[in-house]
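None of the figures in this text is laboratory data; all of them are computed from the coordinates on show. All of these numbers come straight from a predicted model, not from anything done at the bench. We place every Cβ from the backbone using ideal geometry, glycine too, and count neighbours over all the protein chains shown.
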Amino acid sequence: MSQITAEVQVRPGVEADLRELTDLYNHFISETPITFDTAPFTLDERRPWLLSHPEDGPHRLVVARDARTDRLLGYATSSPFRPKAAFGTSVETTVYCAPDAGGRGVGTLLYDALFEALAKEDVHRAYAGVTHPNEASARLHARFGFTQVGLFREVGRKFGQYWDVAWYEKDLTAPGSEPQPQPQP
């Protein structure tokens, strides 16, 4: 067992995580262009997002917590890619690490857990939008087999500046990640 896995617990996100999840996301809203949300969320506003990620199914939330202090170190999600039914086997993934947790392997642990869970689901592709520049996120996605498939130039404006978003794609049907048979109605 590596040092990082002994120090970090990764598990599904639950209601008790809501405050820290909201605080972490609000940090990225207020301090970075990584998300294009521009106004911080209250707990009540963020709760539907939490509840949209159950412990099973293709839309997951996994959290990483410091095993000694129980402090949130980060989270990863798989969410609907688009609302139309034909997109049902595609997910959009995200990963957020606490500012002091970057470069410690937390993002890798989170994506390991997320993609292990998704391997049991009927999911064909994963997509990730990464605001550029963000070399750490680009490296993480490449490490997990994502390839850049597009770049939307100056697609969002935040902090008085336009930002590009690169889109990455991952095939989830590679050997070892075949979808499980689905029960028939």
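Values for this structure:
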quantity	calculated
Within region 113-127, tally of residues that are in a strand (DSSP E or B) and crowded, with 22+ Cβ neighbours inside 10 Å	1
Hits in region 1-24 (condition: of a type outside the set (Asp, Glu), more than 23 Å from residue 118 (Cα to Cα) and either crowded, with 17+ Cβ neighbours inside 10 Å or in contact (Cβ under 8 Å) with a residue 60 or more places away in the chain (or both))	2, 6, 22, 24
Subset of region 66-91 (residues that are under 18 Å from residue 119 (Cβ atoms) and in contact with a strand residue (DSSP E or B) (Cβ under 6 Å, 6 or more places away or on another chain))	76, 77, 78, 79, 81, 90, 91
Among (1) in contact with a Gly (Cβ under 8 Å, 6 or more places away or on another chain); (2) of a type in the set (Ser, Thr, Tyr); (3) more than 23 Å from residue 136 (Cβ to Cβ), the one test that residue 96 misses	(3)
Region 143-171: number of residues that are touching a residue at least 12 places away in the same chain (Cβ under 8 Å) and outside any strand (DSSP E or B)	5
Positions within region 36-65 being closer than 25 Å to residue 137 by Cβ, without any contact (Cβ under 8 Å) to a residue 40 or more places away in the chain and either in contact with a Leu (Cβ under 7 Å, 6 or more places away or on another chain) or surrounded by 14 or more Cβ atoms within 10 Å (Cβ to Cβ) (or both), in sequence order	40, 41, 46, 49, 50, 59
Residue within region 66-87 that is of a type in the set (S, T, N, Q) and buried (at least 18 other Cβ atoms within 10 Å of the Cβ) present	yes
Per-region count, region 146-171, residues surrounded by 12 or more Cβ atoms within 10 Å (Cβ to Cβ) and either touching a Leu at 6+ places or on another chain (Cβ under 9 Å) or among the acidic types (Asp, Glu) (or both)	7
